[in-house]
Each structure stands twice: as C-alpha cells, then as structure tokens.
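**Student:** This is the structure I have questions about; it appears just below.
The values are calculated or read from the model by the stated rules, or taken from the named source; none is laboratory data. Fair warning: this is a prediction, and the values are worked out from it, not measured in the lab. As a convention, Cβ positions derive from the backbone with ideal geometry for all residues, glycine included, and neighbour counts pool all protein chains shown. To get the accessible areas, we keep the full protein, side chains included, count just its heavy atoms, and leave off ligands, DNA and RNA. Shrake-Rupley method; radii C 1.70, N 1.55, O 1.52, S 1.80 Å.
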Amino acid sequence: MTDKQSARITFIGAGNMATSLVGGMLARGFSADRITLADVSAERLQMLVGQYGVRVTESNLEAATGADVILFAVKPQQMAEVCTALAPVVQTGKPLVVSIAAGTTIARLQGWLGAETAVVRCMPNTPALVQTGATGLYASLQASESQRALAHAMLDAVGIALWLDSEEQLDAVTALSGSGPAYFFLVMEAMMAAGRAMGLDERMARQLTLQTALGAAQMAVTSDEDPSELRRKVTSPGGTTQAALNVLESQHLRDIFLKALLAARDRSRELAG
Ligand SMILES: NC(=O)c1ccc[n+]([C@@H]2O[C@H](COP(=O)([O-])OP(=O)(O)OC[C@H]3O[C@@H](n4cnc5c(N)ncnc54)[C@H](OP(=O)(O)O)[C@@H]3O)[C@@H](O)[C@H]2O)c1
C-alpha cells in the first residue's frame, strides 16, 4: 500500500520534525487513522492524540510492525540503537524506510536494518516547523517508484522537496538549505544592529528588518525574474541601494558566502564519515 490515504505510516520519534510533518501531511489528505507515532514520552504522545487524532504507542516495535513506511525522526546519535532493534521487523515486513537524521548515510542505515532495505534519505530544514521547509531527498535503488512518490508527498507537505542525483549532494543541501536559515538570521541580526546604530529604536529596527526579509523572499519566490534581476531593478545608479551594495561587493560578500558554504559542506562530509 503506497498511496497517501491507505499507506500505514509510522514515525519513530514524535518530536518537533515528526509533529510538523504529521500536521502538514494531514492538511494534504493523509489519513490520521493510518498514521502511528512512537515515542519514549507518554505525555507527549497523549497530547498528539488530542491534537491530530493519530494512533500512538510507546513501543517502537508495535508501531513498526505491519507499517508500509517507517520514518525515523529521532536524533542522529539515537539512530543506531533504534534501527538495530527494529531490523527483524523491517526484514520481515519490507517497509520503505525514510530517514531525516542528519549525516546518517544509506549504507549505515542498510547496515543496521538489512542490506536490501528500501531507503529514502532526506535533509529537511527548520522552516519545515512552520510549513515552509526545503528538503533534498535521495532514494536507494531498492525504493520503488510508488514508494518514492509517497516519501516525496510526505516531505513536500511541509514545504518543497527536491530529488537529488546522488547521495553526496546531500552534503551540499545541508550546507545550502539545511544550515541556510542561520545565514539569513545572521543577516537579520546585522541589519537590526545597523538600524539601531543609526538611531532607530530596537522594536522598529526589528520590525523593519523582518518585514523586509519576508517581502524580499516573497518577491523572489513569486517573481519569474532571478534575484539578480530583482536586485538590479531596485538599484538606481548612484542611489542609496547602490552605495550599500558597493560596500558589500568590495568586501567580497559572494566569496565569503562561497567559503562559508564550502566549510559547511566539508563539515557535513566529516560528520557523515
Ligand atoms: N529540527 C530540524 O530543523 C531538523 C532539520 C533537519 C533534520 N532534522 C533531523 O530530524 C530528526 C529529529 O529532529 P527533531 O528536531 O524533531 O528532534 P526531537 O524534537 O528531539 O525529536 C526526537 C524525538 O524522539 C524521541 N526519542 C528519543 N529516543 C527515542 C527512542 N528510542 N524511541 C522513540 N523515540 C525516541 C525524543 O524523546 P526525548 O526528547 O525524550 O529524547 C523526541 O521526542 C533528527 O535526526 C534531526 O537530525 C531536524
């Protein structure tokens, strides 16, 4: 069963990511009574029953038995123990395994769960928590077309989800969109501080910065034009924007970003190794 209404979908770990995914999936037509959440916290699970009407259990084994899809949403350092305990169920039931654990490779997952396990490895980002996430996905050879489609529908429910050509590209995705929100937060911090330095009060500097970030993102997402073209259109020669951009370019902002993202990509490789 691999369509979104009939597939039995289990989440191992019912933390921030899992609950966001469930919220998004229910809004996209997945059935609450086919979704099971397993977690170590009974209190958390009870809250989620009330919120979403899904099934819950404190037993990972019970949740995984008979599932068509098992999505692992525990911390990376918990993956080995949690996966190893479920290997017999996975080898018997042959579900699709979806992992959002940062840095956990398909080879490692198949080492714990069984070499023939169908796996989709994903790298989502924090804005998934507010349904505007960006996820890169890569599937192992064992995943069927319909399993891939189902995994895509699950991640796409909290933003956009894009298939990658190779698993290695997940390191670049980690550097770009995985860590990306923090780069924009840093730019926001810097702009707010500059606003204050020019005499605006804290609240005003914050509101103007955040609304500008939101407006620029909204324009870039909805426009047919590239960000570079949008930038050119708001930059009159000799004007105020030009004065600011001249400083940013002369300080090699693009090089700084390239170096920063390469550092994040290399660190992602190191952590996966
Ligand atoms: N949050 C993000 O923006 C983000 C982005 C990209 C990828 N990810 C990945 O998503 C995964 C989940 O992240 P998260 O932020 O949702 O973490 P989280 O909020 O800590 O959720 C993990 C949940 O799993 C529970 N848990 C721990 N051990 C368990 C076990 N043995 N069996 C079942 N449940 C268990 C945890 O309970 P306790 O809290 O009691 O331990 C917690 O409720 C991570 O692997 C992370 O790398 C997250």
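**Student:** Of all residues being among the aliphatic types (A, V, I, L, M) and within 8 Å of the ligand (Cβ to nearest atom) in the range 98-114, which is least open to solvent (accessible area, probe 1.4 Å)? Just the residue, please. Show your work before the answer.
**Tutor:** First pass over the range 98-114, keeping only residues among the aliphatic types (A, V, I, L, M): 98, 100-102, 106-107, 109, 113.
With the extra rule that they be within 8 Å of the ligand (Cβ to nearest atom), the set shrinks to 100-102.
Values: I100: 21, A101: 4, A102: 51 Å².
Among those that are among the aliphatic types (A, V, I, L, M) and within 8 Å of the ligand (Cβ to nearest atom), it is A101.
**Student:** From the list V158, V98, pick out the single residue that is more than 17 Å from P76 (Cβ to Cβ) and among the aliphatic types (A, V, I, L, M). Reasoning before the result, please.
**Tutor:** Numbers: V98 fails: more than 17 Å from P76 (Cβ to Cβ).
It is V158.
Residues are listed down the side, and each one gets a yes or a no for (1) within 16 Å of the ligand (Cβ to nearest atom); (2) among the charged types (D, E, K, R); (3) out of contact with any helix residue (DSSP H, G or I) (no Cβ under 6 Å at 6 or more places or on another chain):
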site	(1), (2), (3)
S6	no, no, yes
G13	yes, no, yes
R34	no, yes, yes
V40	yes, no, yes
R44	yes, yes, yes
Q51	yes, no, yes
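**Student:** Which of the residues belonging to the range 65-78 are more than 7 Å from the ligand (Cβ to nearest atom), surrounded by 14 or more Cβ atoms within 10 Å (Cβ to Cβ) and under 18 Å from L271 (Cβ atoms)?
**Tutor:** Step one: list which residues in the range 65-78 are more than 7 Å from the ligand (Cβ to nearest atom), which gives 65-72, 77.
Right, trim to surrounded by 14 or more Cβ atoms within 10 Å (Cβ to Cβ) and you get 65, 67-72.
The one that is more than 7 Å from the ligand (Cβ to nearest atom), surrounded by 14 or more Cβ atoms within 10 Å (Cβ to Cβ) and under 18 Å from L271 (Cβ atoms): F72.
**Student:** Further question: Could you list, in sequence order, all residues of the range 231-262 that are among the aliphatic types (A, V, I, L, M) and within 29 Å of D171 (Cα to Cα)?
**Tutor:** Answer for the range 231-262, where residues must be among the aliphatic types (A, V, I, L, M) and within 29 Å of D171 (Cα to Cα): L248, L253, I256, L258, A260, L261, L262.
**Student:** Give the residue that is most open to solvent (accessible area, probe 1.4 Å), with candidates limited to residues of the range 15-45 that are under 20 Å from the mean Cα position of the chain (by Cα), aliphatic (A, V, I, L, M) and over 17 Å from T65 (Cβ atoms).
**Tutor:** Applying the filter and picking the extreme gives A27.
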